[in-house]
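Here is the structure we will look at.
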Amino acid sequence: MKISFCCTGTEPTPWLAGLRAALPQAQVELWQPGAAPADYAVVWAPPQQFFDQQPQLKGVFAIGAGVDALLRLRLPPQATVVRLDDAGMAVQMAEYVCHAVIRHFRELDVYAADISHGQWTFHKPRHRADFPVGVMGLGVLGQRVAQALTQFEFPVNGWSRSPKVMPGVRGFNGRAQLDAFLASSRILVNLLPLTFDTQGILNRDTLSRLQPSGYVINVARGAHLVDDDLLALLDSGHLAGATLDVFRTEPLPLKHPFWQHPKITITPHTSARTLRETSIAQIAGKLEALERGETVVGRVDLERGY
Ligand code: NDP
């Protein structure tokens with residue numbers, strides 16, 4: 001069995017060593033243009049040429065959870081596409097989102113500013129009942145985030161395509177319940193996949209429906225958000241702030257207004273990183289399962305786009 005590794009922006013040596021150790025029966029090679037065709041591919045942001053030269057691939061493993069960029073390429077139609085299923089990302093995402101929610105709720109930035117000015121000032125405590133959090137996307141990451149938020153006793157709403165039942169989470173589903181979900185939420189967390197249906201979903205109309213002084217946390221993809229609409233709602237005061245980890249163009253261009261905006265906190269697409277060892281173990285296990293003719297979790301539905 002031959003595996004071709006083609007991950008742009010990733011140091012290949014430790015991945016190749018890890019995949020070879022986990023799959024000693026396989027021949028694992030770093031892809032070069034013109035390389036002999038492989039049976040399976042491990043990829044991140046490969047060029048179209050990679051797939052054009054490998055029409056026989058049986059399976060394609062993404063080393064991330066989001067496959068929006070991968071699905072924009074022409075893939076071999078018979079190939080099973082598999083994305084990472086948690087692989088250590090869910091707990092990271094829960095840490096990041098809970099941190100952002102609590103930083104906003106507890107006014108920790110306000111305290112930090114006070115302290116930097118030598119001020120020992122108390123602010124009136126806020127009530128968490130006044131800060132319902134809405135999690136868009138109740139998949140692998142969204143469920144973990146929603147569950148973590150319930151541990152801090154925030155009221156939590158969740159929105160997904162199909163109905164979900166989670167303890168402590170008020171479930172909404174489908175477009176018909178989107179407005180009610182937004183109107184019930186003050187802090188909005190986006191963990192949707194980027195698809196035809198969800199691109200631009202964080203826009204003037206939807207964000208205006210959040211409770212007054214809303215707060216936006218986008219940790220999914222930059223193209224979910226209409227940047228100018230967010231800026232307008234922050235400047236009008238309808239939104240109190242935003243924490244953004246993902247952007248339409250990455251790295252975020254230095255001239256972009258998000259860099260300097262006083263109500264926006266940005267991080268460089270780091271909320272949930274791919275953990276190499278865990279990911280290799282997961283990919284190896286799933287590849288072997290596919291070879292045995294078994295179904296695997298994390299298989300991407302190409303029609304749905306996630
Ligand atoms: P999943 O596929 O497990 O979950 C997706 C969720 O979104 C599901 O609950 C799904 O509903 C819901 N959904 C999809 N389309 C719609 C729609 N049209 N309307 C309503 N709900 C919808 O994905 P993950 O949780 O693993 O990952 C989510 C995203 O997070 C990734 O696609 C990626 O873009 C992003 N990400 C960002 C990272 C970062 O570092 N910033 C790291 C990793 C991922 P249903 O359950 O009904 O199918």
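We did not get these values from a lab; they are worked out from the coordinates using the rules stated. Everything quoted here is computed from the prediction, not taken from an experiment. When we count neighbours, we look across all protein chains shown, and the Cβ atoms used for this are built from the backbone with ideal geometry, even at glycine.
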Within the stretch 109-160, the residues that are within 25 Å of the chain's Cα centre (by Cα), more than 14 Å from GLY214 (Cα to Cα) and either more than 16 Å from the ligand (Cβ to nearest atom) or among the hydroxyl-bearing types (Ser, Thr, Tyr) (or both) are ASP109, THR150, GLN151, PHE152, GLU153, PHE154, PRO155, SER160
Reported set for the stretch 165-196 where residues are without any contact (Cβ under 8 Å) to a residue 60 or more places away in the chain, within 19 Å of the chain's Cα centre (by Cα) and assigned to a loop (DSSP other than H, G, I, E, B) is LEU192
Log entry, pairs with first residue in the stretch 261-273 being free of Cβ contacts under 8 Å to residues at least 60 places away in the same chain, second being more than 6 Å from the ligand (Cβ to nearest atom), beta carbons closer than 6 Å, six or more apart or on different chains, reads LYS263/LEU234; LYS263/GLY241; ILE264/ALA242; ILE264/PHE258; ILE266/LEU244; ILE266/PHE258; HIS269/GLU250
When the stretch 81-103 is checked residue by residue, the ones that are assigned to a helix (DSSP H, G or I), within 9 Å of ALA272 (Cα to Cα), within 11 Å of the ligand (Cβ to nearest atom) and not polar (S, T, N, Q) are MET89, ALA90, MET93, TYR96
When you check ALA38 against the structure, is it outside any loop (DSSP other than H, G, I, E, B), touching a residue at least 12 places away in the same chain (Cβ under 8 Å) and at negative phi, yes or no?
no
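Results for (1) of a type in the set (Lys, Arg); (2) assigned to a helix (DSSP H, G or I), shown as yes or no for each residue.
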site	(1), (2)
LYS255	yes, no
GLU277	no, yes
VAL296	no, no
TYR306	no, no
GLU250 passes all but one of the listed conditions (1) buried (at least 18 other Cβ atoms within 10 Å of the Cβ); (2) more than 30 Å from SER162 (Cβ to Cβ); (3) within 16 Å of the ligand (Cβ to nearest atom); the exception is number (1)
